[in-house]
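Take a look at the structure set out below.
The values are calculated or read from the model by the stated rules, or taken from the named source; none is laboratory data. As the structure is a prediction and not an experimental result, all values here were calculated from the model. Heads up, the Cβs are rebuilt from the backbone with ideal geometry, glycines too, and the neighbour counts pull from every protein chain shown. Note: accessible area is taken over every heavy atom of the protein model, side chains too, but ligands, DNA and RNA are not part of it. Shrake-Rupley method; radii C 1.70, N 1.55, O 1.52, S 1.80 Å.
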Amino acid sequence: MPINIYIKNSGESVDWLCDEVWDLPTQMDILETWLLNKDRTLEPSEYGFAIRKNATDGGGVLTSKSMAIMGEIGMDVYFSEYSSSQ
């Protein structure tokens, strides 16, 4: 599942990650590496992630506000994958 990062207001594409990577732990590692490499080079804006076509499972949003608070207090978030057979 690719990670399509874009600017919400304009729809301008910022980057495309994980084109053929479908497992969540690897995607999260790639996204974290991308963020660490981009660090402060991206201008503040409202960024978004495009949802893949034909997604069959729900998803949630971890907001930037929540992430900022977690960053300030040193909290990490752990995500789990579940097979579709459950």
*Close pairs from the range 10-31: first open to solvent by 80 Å² or more (accessible area, probe 1.4 Å), partner hydrophobic (A, V, I, L, M, F, W, C), Cβ under 8 Å, at least 6 apart*: Trp16/Ile3; Trp16/Ile5; Trp22/Met1
*Just one of Asp23, Asp57 is at pLDDT below 85 and more than 15 Å from the chain's Cα centre (by Cα); which is it?*
Asp57
*When you scan the range 32-49, how many residues do you find that are in contact (Cβ under 8 Å) with a residue 12 or more places away in the chain and part of a loop (DSSP other than H, G, I, E, B)?*
3
*When you scan the range 36-45, how many residues do you find that are open to solvent by 90 Å² or more (accessible area, probe 1.4 Å) and either closer than 24 Å to Tyr78 by Cα or among the small types (Gly, Ala, Ser) (or both)?*
3
*Give the residues of the range 60-76 that are at pLDDT 85 or above, on the phi < 0 side of the Ramachandran plot and assigned to a loop (DSSP other than H, G, I, E, B), sorted by residue number.*
Met75, Asp76
